[in-house]
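Chemist: There's a structure below that I have some questions on.
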Ligand code: SF4
Ligand code: FES
């Protein structure tokens, strides 16, 4: 048997045994993912790093699933050097598997800070810009959160036009029309909920009442707005075509 020290515990290990296996046998926890007792170690996940002294005396991080025990070895499993290497290793794995609940749970169990799971938003701000620059409702903003910057609604500003959802390249913002109610979602969060107005000609729902009011207020005096804004786009088109045909007929 060989005596080694892991953190502040002296333990006995067998000749040829790995540090990880000796630690496990003694109930000392070291995170690991790619180790399997029935297989040769591969050193792929890099989660099992521990701090030891190198032959030159420098403190270094070595993979405990590969490193063999030797007489007098002193191992640290949660030093700042280990934590730094561990954080790097976890985040590298999460780059490849950002939604892995198992990796995230393991990181949490070892108090390792990892990048938050992506919510699909690429922070292009198209939604915020179109809502402010074109629609004029200024209903969205970018807010700092513990999960990083997120698009959030400004209370009471959404008019339910859905332009943000049309432009969002990753479908983070969605519009759901059910009955005569339109709901705008930013992921699972409700950004606005609005009653849909009906077309005066065909009776179909086509735009929210808040949006129609907004159009009326912002385009006051425009003849097209006055004449058509209670008609859905299909009916407007139909009527325009009819008017054109009538004009042609009168000309002849
Ligand atoms: S929600 Fe969509 S449109 Fe808005 S910033 Fe994110 S990806 Fe861009
Ligand atoms: S357990 Fe994956 S590198 Fe050691």
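The values are calculated or read from the model by the stated rules, or taken from the named source; none is laboratory data. Keep in mind it's a predicted model, so treat the numbers as computed, not measured. Cβ atoms come from the backbone with ideal geometry, glycine included; neighbour counts cover every protein chain shown.
Chemist: Residue pairs, Cβ under 7 Å, 6 or more apart or interchain, first in segment 164-184 and more than 19 Å from residue 130 (Cβ to Cβ) and not assigned by TED's automatic domain parsing to the domain that holds residue 195, second more than 16 Å from ligand 2 (Cβ to nearest atom) and assigned to a strand (DSSP E or B). List them.
Modeler: Nothing qualifies.
Chemist: Under 8 Å by Cβ, and 6 or more places apart or on different chains, what pairs join a residue from segment 19-33 that is touching a residue at least 60 places away in the same chain (Cβ under 8 Å) with one that is in a loop (DSSP other than H, G, I, E, B) and near ligand 2 (Cβ under 8 Å from one of its atoms)?
Modeler: Note: pairs meeting the criteria are 31/47; 31/48; 33/45; 33/47.
Chemist: Right, something else. Look through 158, 235, 202 and report the one residue that is part of a loop (DSSP other than H, G, I, E, B), surrounded by 11 or more Cβ atoms within 10 Å (Cβ to Cβ) and more than 14 Å from ligand 1 (Cβ to nearest atom).
Modeler: 202
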